[in-house]
Amino acid sequence: MTAPTNPITPAGYAALKARYDLLLGTERPAIVEIVSWAAGNGDRSENGDYIYGRKRMREIDRELAHLARRLKAARVIDPSEQPDKQRAFFGARVTLADEDDVRKSVTLVGDDEQDAGAGRIGWSSPLARAIKGAAVGDLRSVRLPGGDKEWEVVAIAYD
């Protein structure tokens, strides 16, 4: 069985790598130092610094393991190098219009860098799956919790 790939933009990969480096190089050593100091103070059962430090170290280790898996599976895709810029693929900024001509602009990015408030939707989200491969003028239907909604692709751009 092959490992799942994680498509990601160069900026998204850099952000994941920066978070990993910060945790591994700065935060974890600081917590290790606090835990070592607290352990030397005697009774660990009532030592708040020791208990909190160990808890925080476990959280950091879990996040480091998660980031390591995501970075290992990452497949960096530069949106500017898409061969067919007339269709919506990874990294495309797509402007959509609904039945009432309400327009919405979304950018198709990796799942690790999605931010709906900023208009970046994950590659495996229902809306992204619906508009993959669409060209300007195509109608796409998306199944949402409130029911099906139809969108028309109005514009496609790659930064």
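Summary of values
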item: Long-range neighbours under 6 Å by Cβ, at least six apart or interchain, first residue within 14 Å of K149 (Cβ to Cβ) within region 121-132, second among the charged types (D, E, K, R) and surrounded by 18 or more Cβ atoms within 10 Å (Cβ to Cβ); result: A130/R140; I131/R140
item: Out of S105, S80, sole residue that is small (G, A, S) and modelled with pLDDT under 90; result: S80
item: When residues of region 134-159 are limited to those that are surrounded by fewer than 11 Cβ atoms within 10 Å (Cβ to Cβ) and assigned to a loop (DSSP other than H, G, I, E, B), the one modelled with the highest pLDDT; result: G137
item: Residue within region 70-89 that is of a type in the set (F, W, Y), under 25 Å from A14 (Cα atoms) and touching a residue at least 60 places away in the same chain (Cβ under 8 Å) present; result: no
item: Some residue of region 79-100 being among the acidic types (D, E), within 14 Å of the chain's Cα centre (by Cα) and assigned by TED's automatic domain parsing to the domain that holds K149; result: no
item: Members of region 120-159 that are over 20 Å from D100 (Cβ atoms), small (G, A, S) and touching a strand residue (DSSP E or B) at 6+ places or on another chain (Cβ under 6 Å); result: A128, G133, A135, A157
item: All strands (runs of 3 or more DSSP E) inside region 70-118 with 2 or more residues being buried (at least 18 other Cβ atoms within 10 Å of the Cβ); result: 92-97, 103-109
item: Residues of region 45-67 that turn out to be within 30 Å of A130 (Cα to Cα) and either more than 19 Å from the chain's Cα centre (by Cα) or touching a residue at least 24 places away in the same chain (Cβ under 8 Å) (or both), as a count; result: 1
item: Region 32-68, residues that are touching an Asp or Glu at 6+ places or on another chain (Cβ under 8 Å) and closer than 21 Å to L16 by Cβ; result: I60
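The values are calculated or read from the model by the stated rules, or taken from the named source; none is laboratory data. The model shown is predicted, which means the values in this text are computed figures rather than measured ones. Using ideal geometry, Cβ is built from the backbone for each residue, glycine included, and neighbour counts are taken over all protein chains shown.
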